[in-house]
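The values are calculated or read from the model by the stated rules, or taken from the named source; none is laboratory data. Just so it is clear, the structure is predicted and the values come from calculations on it, not from any experiment. Counting neighbours? That spans all protein chains shown, and the Cβs are built from the backbone with ideal geometry, glycine included.
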Amino acid sequence: MKATHAGPGHLSISHQLAERAVNEKRKQNQHAPISRLFPEIFSITFCHVRDSFIGTPPYDWGWARRQAKRWIGLTYVCHAWRDIAINSPTLWTTIFVSVEDQLEWVQEMLRRSKQCPLSVLIESSSSPRALSSAGPILHELKNHMQRFRELSLRIPNVDVHDFFSNSQTLRLEHLHISIPSESQDTETSSSESSETALGTFVLSDSNATVLCIDSLRHLRIGGCGIDFHAAFLHSLIHLRLFNIDEDCKLPCSDFIAVLANIPTLEILDLEGFLKEDEIDDVEEYVAIRNKTIRKRDG
């Protein structure tokens, strides 16, 4: 028997039948009880699903990064859900950036989030591969910095300097800076000379003039330095210090004086910041102040 081959006409008919079947299925879905809910309810529910995967601010970077895109599977359930999700700006406001991410995906997240406030978490290294991948993404994100409400940076010293050279005003509520040590990033790159020329990054009023001093509530900083007389400290409720540059560390009495100028502070995390014999003095100050402050030094 001679074999027959489907021509263009057969393909067109098959496509029409498939399209008709999809349309019929959509009509059936419209009559389902769940389809009677308002789109706003779906949007809120989708945000809860997202948060069940990645958590809420301040984010656990390691966990959130692994779960960052798993929740997006809900957009493939049906056409109606996908349409609602894509048109729900608040669903796309948490952006994780690492070496594996593509510029096009970050641009799509920024587009879908419209003008909503953003939580942005960026991880990179000084390796040539990381710099070539993350560079265009960092440049794109800097165009939207005025929308940032949470910013988490795990990037080389030179990139942190560059981020805070931006003239846009940031109304950040959460700021996390963790600069990798040389032992964590062993690959050599052309950025090493820039790192040396710039020196250790120190968060201060002079290089963080873009921060609104009355908005910052949570500050976690490590692998660099901090000016303890900076104005943006005064509204904090949570301060975490770890691996702070030795030149920026204070004697215990001076550090207690700094704490006295942060009346709203509720949580204090210290890792390797105080000497063993100084911890008791801080605990005594905490007891007098009648505040619940968490200390985990050592």
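Residue pairs whose Cβ atoms lie under 7 Å apart, sitting 6 or more positions apart in sequence or on different chains, and linking a residue in region 39-55 that is among the charged types (D, E, K, R) to a partner that is surrounded by fewer than 17 Cβ atoms within 10 Å (Cβ to Cβ), do not occur here.
If the condition is being at pLDDT 90 or above and over 16 Å from Arg70 (Cα atoms), then region 82-105 contributes Asp83, Ile84, Asn87, Ser88, Pro89, Thr90. Among the candidates Asp254, Asp245, the residue that is at pLDDT 85 or above, of a type in the set (Asp, Glu) and exposed (fewer than 14 other Cβ atoms within 10 Å of the Cβ) is uniquely Asp254.
So, of the residues in region 58-71 that are exposed (fewer than 15 other Cβ atoms within 10 Å of the Cβ) and out of contact with any Gly (no Cβ under 9 Å at 6 or more places or on another chain), which turns out to be nearest to Ser124 (Cα to Cα)?
Here the residue is Gly62.
Pairs are defined by a Cβ separation below 6 Å, a sequence spacing of at least 6 or placement on different chains, a first member in region 252-278 that is more than 18 Å from Leu219 (Cβ to Cβ), and a second member that is of a type in the set (Asp, Glu) and in a helix (DSSP H, G or I); the pairs so defined are Cys252/Glu278; Cys252/Asp281.
Condition test on Gly55, is it at positive phi, surrounded by fewer than 18 Cβ atoms within 10 Å (Cβ to Cβ) and under 16 Å from the mean Cα position of the chain (by Cα)?
So Gly55 passes the test.
In this structure, Leu175 does satisfy being assigned to a strand (DSSP E or B), at pLDDT 75 or above, crowded, with 16+ Cβ neighbours inside 10 Å and touching a strand residue (DSSP E or B) at 6+ places or on another chain (Cβ under 7 Å). Can you spot a residue in region 35-50 that is surrounded by 14 or more Cβ atoms within 10 Å (Cβ to Cβ), at pLDDT 70 or above, under 21 Å from Ile155 (Cβ atoms) and touching a strand residue (DSSP E or B) at 6+ places or on another chain (Cβ under 9 Å)? Scanning region 35-50, I find no residue that is surrounded by 14 or more Cβ atoms within 10 Å (Cβ to Cβ), at pLDDT 70 or above, under 21 Å from Ile155 (Cβ atoms) and touching a strand residue (DSSP E or B) at 6+ places or on another chain (Cβ under 9 Å), so the answer is no.
Might you check whether a residue that is in a loop (DSSP other than H, G, I, E, B) and not polar (S, T, N, Q) occurs anywhere in region 100-112? Yes, region 100-112 contains a residue that is in a loop (DSSP other than H, G, I, E, B) and not polar (S, T, N, Q).
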